[in-house]
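The values are calculated or read from the model by the stated rules, or taken from the named source; none is laboratory data. No experiment lies behind these values; they were computed from the predicted model shown. Virtual Cβ from ideal backbone geometry, glycine too; neighbours counted across all protein chains shown. Surface accessibility is based on the protein's heavy atoms, side chains included, excluding ligands, DNA and RNA. Shrake-Rupley method; radii C 1.70, N 1.55, O 1.52, S 1.80 Å.
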Amino acid sequence: MGSSSRSSRGSRGQGSTRQMIESLRNHTVNTLTELCRIERAAVACESEEEMQAFQEPLAAAWDNYVSSNQLLLELRGLTRNYPVSSSLVEEARLLVAEDPNSGRSWNMAWLCLVKIRDAGLILTCAQAESQKPEMWGGRHPTPEEAEQLTRCFVYEWTQAIDKMLRHWRAAPIWY
């Protein structure tokens, strides 16, 4: 009785694993929360075979999450007063691609968020955005106006990046 119970749990686990992998491949899961849920399940796999089955689909799903602008959309959902600039994510993605240490993780979103936080991209992009005449109805802002808007961008964007990074208790990196 104990062994049949164990084998039925194992087959349910394998079925669940297959379902999660298929949802990654089909991009039916494309939100930070859901991808993190699957990522945690993948990291918790008991067998090396299951963990390896997740590697390519999970990496591809995270890459799709960033390249399909879903990361940008979720960031903008957290920055409604001062929406995140697309240049913030684009610049982070370029820096991640150039960084030889980026191969240590399968998670493009996490890599981009960490790069945004650690490379000073928030301040750089906020300053550039606050200088744009389209932010000021076509006119050039005064230095004081641009500085005030920069501070607003920096505050709200930093809060959003920090909130998204809280989805990971540990860095999603290869050991």
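Out of all the residues in segment 18-37, which are assigned to a helix (DSSP H, G or I) and surrounded by 16 or more Cβ atoms within 10 Å (Cβ to Cβ)?
Selection gives M20, I21, S23, L24, L32, E34, L35, C36.
Please go through segment 153-172 and give me each residue that is open to solvent by less than 40 Å² (accessible area, probe 1.4 Å) and not small (G, A, S), ordered by number.
The answer is F153, E156, W157, I161, M164, L165, W168, P172.
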